[in-house]
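S.K.: What follows is a single structure, and I will ask about it in a moment.
The values are calculated or read from the model by the stated rules, or taken from the named source; none is laboratory data. Model, not experiment: these values are computed from the prediction. Note: ideal-geometry Cβ built from the backbone for every residue, glycine included; neighbour counts use all protein chains shown.
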Amino acid sequence: MSETINPDQQPESNQSGIGFATQANSGGSPQIQNLIDASLGRPTPSADTTNDAADQSSPVDVQLYPSIIYASYDFQNQNKYKIVWRGSPNFWSGRDGQTPVAICDHIMQGSLEASDGWFKNRRSDVSSHFGVGQDGRIWQWVKAEDTAWANGILQSPDTSLDWLAECVRRNINPNSRTISIEHEGYSGKAFPDAQYQATLWLHRYLCQNYNIQPDRHHIIGHYQITARDRAGCPGNTFPWDKLINDLGSAGAVVQPPVVTPPSNGTDWTQGVTGVVKMQFGPAAITSNNSFVRSRPSLTAGDGTLVRTLNKGTVLHFSGYTDVGPEFRGESRWYLITEADGGGWIHSLMIA
């Protein structure tokens with residue numbers, strides 16, 4: 001049974017800062033989790049992105065770096081592309097003392113959107129640093145300085161690659177030495193020009209910024225790491241010769257994406273870690289005097305209180321974080337859509 005609590009008036013030892021208390025539980029609202037799962041779509045495991053679940057153990061750090069990278073792109077000027085941050089909980093923080101020395105290319109065996117849902121699902125245990133759509137969109141799920149879960153299984157690896165042979169000798173997970181790029185589409189299908197130009201730009205940008213050699217020893221396919229289960233990844237139509245040749249073209253200097261803030265509205269993700277962007281809902285407030293914050297916070301009087309909502313108020317959501325301040329064993333906070341007023345609300349306030 002719920003009770004209404006105003007943290008500004010309760011004893012200091014019991015300040016929750018979320019505006020109410022509810023029966024303790026460890027998993028938040030199962031109805032909301034079902035909405036999230038439905039929004040994720042739980043796409044059918046693809047031949048590439050799903051079986052990689054066996055590559056990894058449980059994450060040791062689920063913090064994501066904040067928000068979205070905003071930039072401009074222009075297909076007539078390949079020095080400018082847009083990288084949109086999507087975010088995934090499936091990664092390791094840092095690279096276990098390693099640095100990226102190679103780019104590993106993959107094929108999604110499906111759409112950009114389906115892979116996005118799969119990478120955002122904690123139960124999939126897979127992710128990629130980047131994905132390139134057939135229309136030239138570039139999405140990012142894991143920071144390049146962190147380790148994505150994309151190509152960690154060593155199955156008859158190509159030990160003619162010195163860095164990969166060293167991974168075998170020293171028992172180094174190849175994920176810690178690679179930047180992974182997924183490509184929308186299917187093995188055996190040629191890239192549209194927009195997709196090729198976008199992945200060329202991305203490869204060039206990564207090679208320049210991470211000192212990766214633009215050759216076939218350092219730009220490889222997943223099949224060269226996991227030969228048995230990923231023999232067709234990224235497939236025999238992947239434009240290896242053209243890509244390496246174009247990367248070696250003289251005078252091709254790539255400028256980094258121009259980072260700009262959102263064009264309108266409040267950026268509720270500013271300064272918030274672990275944000276996973278997605279749409280889900282509706283769901284209702286369970287108690288009167290429920291606090292909506294400008295960022296996840298349990299601190300009374302810190303200026304983050306935006307408004308209070310009453311029991312029965314229906315909300316929709318555009319994201320969540322699992323690394324907010326913990327209350328009664330639960331650290332998930334939901335990001336309310338702009339249409340419903342925006343702001344953050346603790347998961348225990350929602351049913």
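S.K.: From the set of residues in the stretch 83-101 that are surrounded by fewer than 22 Cβ atoms within 10 Å (Cβ to Cβ) and small (Gly, Ala, Ser), which is farthest from Asp215 (Cα to Cα)?
M.R.: Of everything passing the filter in the stretch 83-101, Ser93 is farthest from Asp215 (Cα to Cα).
S.K.: Within the stretch 281-307, restricting attention to residues that are of a type outside the set (A, V, I, L, M), in contact with a helix residue (DSSP H, G or I) (Cβ under 7 Å, 6 or more places away or on another chain) and assigned to a strand (DSSP E or B), which residue is surrounded by the most Cβ atoms within 10 Å (Cβ to Cβ)? Write out each step before concluding.
M.R.: Of the residues in the stretch 281-307, the ones of a type outside the set (A, V, I, L, M) are 281-282, 286-291, 293-297, 299, 301-304, 307.
Checking the rest, the ones that are also in contact with a helix residue (DSSP H, G or I) (Cβ under 7 Å, 6 or more places away or on another chain) come to 281, 286-287, 290.
If we keep only those that are assigned to a strand (DSSP E or B) too, we end up with 281, 290.
Working: Gly281: 19, Ser290: 23.
Among those that are of a type outside the set (A, V, I, L, M), in contact with a helix residue (DSSP H, G or I) (Cβ under 7 Å, 6 or more places away or on another chain) and assigned to a strand (DSSP E or B), it is Ser290.
Residue-wise test of (1) surrounded by fewer than 22 Cβ atoms within 10 Å (Cβ to Cβ); (2) more than 19 Å from Phe119 (Cα to Cα); (3) among the polar types (S, T, N, Q).
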position	(1), (2), (3)
Glu145	yes, no, no
Gln155	yes, yes, yes
Leu164	no, yes, no
Asn171	yes, yes, yes
Asn175	no, no, yes
Lys189	yes, yes, no
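S.K.: In addition: Answer with yes or no whether Ser111 is small (Gly, Ala, Ser), within 18 Å of Tyr186 (Cβ to Cβ) and in contact (Cβ under 8 Å) with a residue 24 or more places away in the chain.
M.R.: Working: small (Gly, Ala, Ser): yes; within 18 Å of Tyr186 (Cβ to Cβ): yes; in contact (Cβ under 8 Å) with a residue 24 or more places away in the chain: yes.
Yes: the conditions hold for Ser111.
S.K.: Residues Thr273, Thr260: which one is at pLDDT below 95, in contact with a Ser or Thr (Cβ under 9 Å, 6 or more places away or on another chain) and surrounded by 14 or more Cβ atoms within 10 Å (Cβ to Cβ)?
M.R.: On the way: Thr260 fails: surrounded by 14 or more Cβ atoms within 10 Å (Cβ to Cβ).
Every option except Thr273 fails the conditions.
S.K.: Limited to the stretch 321-349, what total is found for residues that are of a type in the set (Gly, Ala, Ser) and under 13 Å from Gly281 (Cα atoms)?
M.R.: Step one: filter the stretch 321-349 for residues of a type in the set (Gly, Ala, Ser), giving 324, 329, 331, 339, 341-343, 347.
If we keep only those that are under 13 Å from Gly281 (Cα atoms) too, we end up with 339, 347.
Residues that pass the stated criteria total 2.
S.K.: Of the conditions (1) assigned to a loop (DSSP other than H, G, I, E, B); (2) modelled with pLDDT under 90, Pro325 clears all except one; give me its number.
M.R.: (2)
S.K.: Could you list, in sequence order, the residues of the stretch 85-108 that are of a type in the set (Ser, Thr, Tyr) and either under 25 Å from Phe191 (Cα atoms) or touching a helix residue (DSSP H, G or I) at 6+ places or on another chain (Cβ under 8 Å) (or both)?
M.R.: The initial filter retains those residues of the stretch 85-108 that are of a type in the set (Ser, Thr, Tyr), namely 88, 93, 99.
Correct list: Ser88, Thr99.
S.K.: Does the stretch 61-77 contain at least one residue that is touching a Phe, Trp or Tyr at 6+ places or on another chain (Cβ under 8 Å), modelled with pLDDT of 50 or more and not aliphatic (A, V, I, L, M)?
M.R.: Scanning the stretch 61-77 turns up no residue that is touching a Phe, Trp or Tyr at 6+ places or on another chain (Cβ under 8 Å), modelled with pLDDT of 50 or more and not aliphatic (A, V, I, L, M).
S.K.: Let me ask something else. Among the numbered criteria (1) within 24 Å of the chain's Cα centre (by Cα); (2) modelled with pLDDT of 85 or more, which single criterion is violated by Asp246?
M.R.: Unmet condition: (1).
S.K.: Would you kindly identify the strands (runs of 3 or more DSSP E) lying entirely within the stretch 125-202 that contain at least 1 residues that are closer than 21 Å to Gln224 by Cα? Explain how you work it out, then say what you get.
M.R.: Details: elements: 130-132, 138-140, 178-183.
Result: 130-132, 178-183.
S.K.: Sticking with this structure for a sec: For the stretch 131-149, check the following and say yes or no: at least one residue is in contact with a strand residue (DSSP E or B) (Cβ under 9 Å, 6 or more places away or on another chain), free of Cβ contacts under 8 Å to residues at least 40 places away in the same chain, on the phi < 0 side of the Ramachandran plot and in the same structural domain as Lys189 (by TED's automatic domain parsing).
M.R.: First pass over the stretch 131-149, keeping only residues in contact with a strand residue (DSSP E or B) (Cβ under 9 Å, 6 or more places away or on another chain): 131-134, 137-144, 146-149.
Among the residues that remain, those that are also free of Cβ contacts under 8 Å to residues at least 40 places away in the same chain are: none.
No; the residues of the stretch 131-149 include none that is in contact with a strand residue (DSSP E or B) (Cβ under 9 Å, 6 or more places away or on another chain), free of Cβ contacts under 8 Å to residues at least 40 places away in the same chain, on the phi < 0 side of the Ramachandran plot and in the same structural domain as Lys189 (by TED's automatic domain parsing).
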